[in-house]
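Trainee: This structure is in structure tokens; I'll ask about it shortly.
The values are calculated or read from the model by the stated rules, or taken from the named source; none is laboratory data. Note that the structure is predicted; figures quoted are calculated from it, not measured. Backbone-built Cβ (ideal geometry, glycine too); neighbour counts: all protein chains shown.
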Amino acid sequence: MKNTRKLFFLLILLNLTCFGQNAANIPPNLKEALDFYELADNQFQKGFYAESIENYNLAIKSYPNFPEAFNGICVVYAKQNKYSEALKYCKEAVKITQDNPILYYNLGRVSDENGLRQQAIAAFNQAVKLKPDYDDAYFNLATDYFDLGDFEAARENLENAIKFNSNDVDYHILLSNTHYKLKNYDKSLESIQNAIQIKPNSLCYGNLGVIYLTKKDYAKAIDSFNQALLLDQSRPDFHYWLGLTYFFAKNDNKAIEQFEKAIYYKSDYAEAYQELGFLYLKKNKKDEALLQYHRLKNIDEDLAKVLFNQIYADKILDVSKR
């Protein structure tokens, strides 16, 4: 069951009232900084990143206490996946002002991209403290806690996100995954069904299939995986899970067919080779099982060893009986 994370950053639209200034008496250096900022923003929107950074820096040179300009540079670097550079400017922005939730949200995002999970959590918490209905920040908090294995904290933040925005399919998918990790399978099912009501997609139906498989409702699991494959037939993991479902439903031929399709779309799908080997062995096709072993040992030696031991179980000496 896949996790999701939103990958976007926010620029801040400015006007003179942001600085508490009247246009008639605005200081010349601030007016010049705003002109540079507006030019930089336009260049960013057109994809002229180097020119945009140059003009954000000119804005900062004209008016050093300009957190939005620092944030602008952060966003430009993040857009180019230059997250270490982006982080420096996000930190500068929040040094200047501590009352803007968007600046903390962006700090959280680039901290995550730099692998600084605890720093990201602190930033997102500050964002929701400043803006209690900040659903995107709650979602990113939930994602961080999910990745850290704190599923109760993830659940709490997802419920907050959904309270303020119940129409985002990603929130319901992750909440379903979180309930699944907590072994609340009925709630997991409810959440993924909510996601399907909002925007049905292959991931929703794939997750639905996993839940039904876990609940041993194989008919509904098969139907869900087939629905997922109708929307995206090239997903090897859907074929793999459908193969497992057919195996548990005691339809070995269809299970083999799906594992082979999983390998067709992902030639190094180690688990699929192993399951094929087990199935061929079950059908007394030892040569076919060995073929899967030889393919598997070049991909995953540990899984290959398990398959090998199963194939030659009758040849392995039990030293305890010697």
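Trainee: Answer yes or no as to whether residue 44 is modelled with pLDDT of 90 or more, more than 30 Å from residue 214 (Cα to Cα), aromatic (Phe, Trp, Tyr) and surrounded by fewer than 17 Cβ atoms within 10 Å (Cβ to Cβ).
Mentor: Working: modelled with pLDDT of 90 or more: yes; more than 30 Å from residue 214 (Cα to Cα): yes; aromatic (Phe, Trp, Tyr): yes; surrounded by fewer than 17 Cβ atoms within 10 Å (Cβ to Cβ): no.
Spelling it out, it is not the case that residue 44 is modelled with pLDDT of 90 or more, more than 30 Å from residue 214 (Cα to Cα), aromatic (Phe, Trp, Tyr) and surrounded by fewer than 17 Cβ atoms within 10 Å (Cβ to Cβ).
Trainee: Here's a check for you: in the stretch 169-196, which residue that is among the hydroxyl-bearing types (Ser, Thr, Tyr) and in contact (Cβ under 8 Å) with a residue 24 or more places away in the chain is farthest from residue 142 (Cα to Cα)? So that I can check it myself, show each step before the final result.
Mentor: Restricting attention to the stretch 169-196, the residues satisfying the condition of being among the hydroxyl-bearing types (Ser, Thr, Tyr) are 171, 176, 178, 180, 185, 188, 191.
Keeping just the survivors that are in contact (Cβ under 8 Å) with a residue 24 or more places away in the chain gives 171, 176, 178, 180, 185.
Numbers: 171: 9, 176: 12, 178: 9, 180: 14, 185: 19 Å.
Residue satisfying both the conditions and the ranking: 185.
Trainee: Could you list, in sequence order, all residues of the stretch 81-96 that are more than 24 Å from residue 161 (Cα to Cα) and part of a helix (DSSP H, G or I)? Quick ask: steps written out before the conclusion?
Mentor: Filtering the stretch 81-96 down to residues more than 24 Å from residue 161 (Cα to Cα) leaves 81-89, 91-93, 95-96.
Within the stretch 81-96, 83, 84, 85, 86, 87, 88, 89, 91, 92, 93, 95, 96 qualify.
Trainee: Of everything in the stretch 280-306 that's touching a Leu at 6+ places or on another chain (Cβ under 7 Å) and not aromatic (Phe, Trp, Tyr), which residue is nearest to residue 269 (Cα to Cα)?
Mentor: Narrowing the stretch 280-306 to residues touching a Leu at 6+ places or on another chain (Cβ under 7 Å): 289, 292-293, 296, 303-304.
If we keep only those that are not aromatic (Phe, Trp, Tyr) too, we end up with 289, 292, 296, 303-304.
Working: 289: 16, 292: 11, 296: 9, 303: 11, 304: 12 Å.
If we take residues in the stretch 280-306 being touching a Leu at 6+ places or on another chain (Cβ under 7 Å) and not aromatic (Phe, Trp, Tyr), then 296 is nearest to residue 269 (Cα to Cα).
Trainee: Could you please find all residues in the stretch 62-80 being touching a residue at least 24 places away in the same chain (Cβ under 8 Å) and either more than 28 Å from the chain's Cα centre (by Cα) or assigned to a loop (DSSP other than H, G, I, E, B) (or both)?
Mentor: Correct list: 62, 63, 65, 66, 67, 69, 80.
Trainee: Taking the residues in the stretch 133-160 that are aromatic (Phe, Trp, Tyr) and touching a residue at least 60 places away in the same chain (Cβ under 8 Å) as candidates, determine which candidate is farthest from residue 108 (Cα to Cα). Give the steps one after another, and end with the answer.
Mentor: As a first pass, look at the stretch 133-160 and keep what is aromatic (Phe, Trp, Tyr): 134, 138-139, 145-146, 151.
Now drop any that are not touching a residue at least 60 places away in the same chain (Cβ under 8 Å), which leaves 139, 146.
Values: 139: 12, 146: 15 Å.
Per the stated criteria, the residue is 146.
Trainee: Something else about it: Among the residues of the stretch 247-278, write down those that are in contact (Cβ under 8 Å) with a residue 24 or more places away in the chain and of a type in the set (Lys, Arg).
Mentor: Selection gives 261, 266.
Trainee: Can you report the number of residues in the stretch 91-112 which are surrounded by fewer than 17 Cβ atoms within 10 Å (Cβ to Cβ) and either of a type in the set (Val, Ile, Thr) or farther than 17 Å from residue 66 by Cβ (or both)?
Mentor: Counting residues in the stretch 91-112 that are surrounded by fewer than 17 Cβ atoms within 10 Å (Cβ to Cβ) and either of a type in the set (Val, Ile, Thr) or farther than 17 Å from residue 66 by Cβ (or both) gives 2.
Trainee: How many of the residues in the stretch 22-61 are among the β-branched types (Val, Ile, Thr) and either over 26 Å from residue 101 (Cβ atoms) or in a helix (DSSP H, G or I) (or both)?
Mentor: The first filter runs over the stretch 22-61 and keeps only residues among the β-branched types (Val, Ile, Thr), leaving 26, 53, 60.
Now restrict to residues that are either over 26 Å from residue 101 (Cβ atoms) or in a helix (DSSP H, G or I) (or both): 53, 60.
Result for the stretch 22-61: 2.
Trainee: Restricting to helices (runs of 4 or more DSSP H) lying wholly in the stretch 97-165: which have 1 or more residues that are more than 17 Å from the chain's Cα centre (by Cα)? Walk me through it before giving the result.
Mentor: Values: elements: 101-113, 117-130, 135-148, 151-164.
It comes to 101-113, 117-130, 151-164.
Trainee: Further question on the same structure: Starting from the stretch 97-117, keep only residues that are over 19 Å from residue 79 (Cβ atoms) and of a type outside the set (Gly, Ala, Ser), then list their pairs with residues that are modelled with pLDDT of 95 or more and part of a loop (DSSP other than H, G, I, E, B) whose Cβ atoms are within a distance under 7 Å, requiring at least 6 positions of separation or different chains.
Mentor: If the second residue must be modelled with pLDDT of 95 or more and part of a loop (DSSP other than H, G, I, E, B), the pairs left are 101/131; 101/134.
Trainee: Out of the stretch 186-223, which residues are surrounded by 16 or more Cβ atoms within 10 Å (Cβ to Cβ) and of a type in the set (Ser, Thr, Tyr)?
Mentor: Of everything in the stretch 186-223, those that are surrounded by 16 or more Cβ atoms within 10 Å (Cβ to Cβ) and of a type in the set (Ser, Thr, Tyr) turn out to be 188, 191, 202, 205, 212, 218.
Trainee: Please state which one of 232, 237, 300, 252 is touching a Gly at 6+ places or on another chain (Cβ under 8 Å) and surrounded by fewer than 21 Cβ atoms within 10 Å (Cβ to Cβ). Working first, answer last.
Mentor: Details: 232 fails: touching a Gly at 6+ places or on another chain (Cβ under 8 Å); 300 fails: touching a Gly at 6+ places or on another chain (Cβ under 8 Å); 252 fails: touching a Gly at 6+ places or on another chain (Cβ under 8 Å).
Checking each option against the conditions leaves just 237.
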